[in-house]
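Each remark here refers to the structure printed beneath this line.
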Amino acid sequence: MSVLPKITIITPTFNQGKFIEKSILSVLNQNYPNLEYIIIDGGSSDDTLDIIKKYENRITFWISEKDNGQSHAINKGLQKSSGDIINWLNSDDFLEEGALFFIAECFKNQTTNVVAGYSSYVNENGVAIENMTFRTFINKDDIFSTLSNTSLNQPSTFFRKQVFDKITPLNEALHYNMDLFMWLRYLVLYKLETIYLTDKKLSIISYHTKAKTVK
């Protein structure tokens, strides 16, 4: 029986007590046996820490201290990561059931560096927003089209760690498009054929007024 690859999920968070328990459970309830789960909190003053401590025996590493924002928090998590496959999941977003087992299966193809699936959306009350889905865009026949229409659905785009190390750390001066900047690095360095697009939904994005994407 083959050993499942280690998957690292990094969750940066700051005062997201309203969402973080559901986010944590969406990772832990995958019941993926070779999971490395890292939470980097920026010094929350709400009930975030109480929620993290509730599950700390199932979390590989967590810390709460003042940082310089999301990019800095993710980079701190990267320094602790050792998985074969990696992604980050913001604390107001959630993994779809079975996502990690599916991802592991996709990466059995050794020529695949990236697996990109769809996300669905919910409002701040967890109610699904109908007819709203999104997936990372690439045109495998045209790198120029891909670059000029660049979009990255980060929560549903997973990377082989050895490749991720080449396009990170994130630019900590960027607080919004740091993931897109990282993705452009990938597109410049690697062939489009190394990206596997799937129609499967891998994550759920919270679309609410305080979300950075909405802002």
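Would you please classify the overall shape of segment 23-97 from the alpha carbon gyration tensor, given that a ≥ b ≥ c denote the square roots of the eigenvalues, rounded means a/c under 1.5, and beyond that prolate means a/b larger than b/c while oblate covers the rest? Oblate, because a/c is 1.5 or more while a/b does not exceed b/c. Just checking the listed ones, ALA99, ALA173, ALA116: in the Gaussian network model of the chain with Cα springs under 10 Å, the one fluctuating most is ALA173.
Computed over every Cα-Cα pair of segment 82-135 and binned at 5 Å starting from 0, the pair-distance distribution P(r) comes out as 4, 13, 24, 24, 16, 10, 6, 2, 0 percent. Rg/Rh for segment 48-140 stands at 0.98; both radii use Cα atoms, and Rh follows the Kirkwood definition.
In order along segment 117-123, the phi-based Karplus estimate (6.51 cos²θ - 1.76 cosθ + 1.60, θ = phi - 60°) of 3J(HN,Hα) comes to x, 8, 10, 9, 10, 10, 7 Hz; Gly and Pro are listed as x.
Give me the 1.4 Å probe accessible area per residue for the chain, excluding ligands and nucleic acids, in Å².
About 50 Å² of surface per residue is accessible.
Solvent-accessible area of TRP88, all protein chains in place: 10 Å² (probe radius 1.4 Å, heavy atoms, ligands and nucleic acids excluded). Taking a Cβ cut-off of under 11 Å around TYR190, the surrounding Lys, Arg, Asp and Glu residues balance to a net charge of +3, with basic ones at +1 and acidic ones at -1.
Annotation: the chain has a Kirkwood hydrodynamic radius of 17.5 angstrom, from the mean reciprocal C-alpha pair distance.
Between LYS66 and PHE137, residue separation times 0.36 nm minus the direct Cα-Cα distance comes to 22.1 nm. For the peptides 139-151, 117-129, the ranking by packing is 117-129, 139-151, with the highest mean count of neighbouring Cβ atoms within 10 Å listed first. Atom-type composition of the exposed protein surface of the chain places 50 percent of the accessible area on carbon and sulfur (1.4 angstrom probe). Computed on the Cα trace of segment 79-200, the radius of gyration divided by the Kirkwood hydrodynamic radius gives Rg/Rh = 0.95. Sorted largest first by accessible area at a 1.4 angstrom probe radius, with every protein chain in place, the residues ARG135, ARG58 fall in the order ARG58, ARG135. Could you tell me whether segment 158-210 comes out rounded, prolate or oblate from its Cα gyration tensor? Rule is a ≥ b ≥ c as square roots of the eigenvalues, rounded for a/c under 1.5, then prolate if a/b exceeds b/c, otherwise oblate. Note, shape of segment 158-210 comes out oblate. Give the accessible area for ILE167 in Å² (nearest 10); use a 1.4 Å probe, count only protein heavy atoms, and leave out ligands, DNA and RNA. Roll a 1.4 Å probe over it and ILE167 shows about 0 Å².
Can you pick out the pairs among LYS6/LYS80; LYS18/LYS200; LYS66/LYS166 whose Cα atoms lie more than 18 Å from each other?
Going by Cα-Cα distance, LYS18/LYS200; LYS66/LYS166 fall outside the 18 Å limit.
Calculated [222 nm] ellipticity per residue, helices only, for the chain: -7500 deg cm²/dmol; basis is -39500 (n - 2.57) per DSSP H run with n ≥ 4, divided by all residues, nearest 500. Accessible surface of VAL3, taken over heavy atoms with a 1.4 Å probe and every protein chain present, rounds to 130 Å².
Sorting ASP41, ASP50 on solvent-accessible area from highest to lowest, probe radius 1.4 Å, gives ASP50, ASP41.
The values are calculated or read from the model by the stated rules, or taken from the named source; none is laboratory data. Predicted, not measured: the structure shown is a model, and the values here were computed from it. Don't worry about glycine lacking a Cβ; one is built from the backbone with ideal geometry, like all the others, and counts go over all protein chains shown. These area figures cover heavy atoms from the full protein model, side chains too; ligands, DNA and RNA do not enter into them. Shrake-Rupley method; radii C 1.70, N 1.55, O 1.52, S 1.80 Å.
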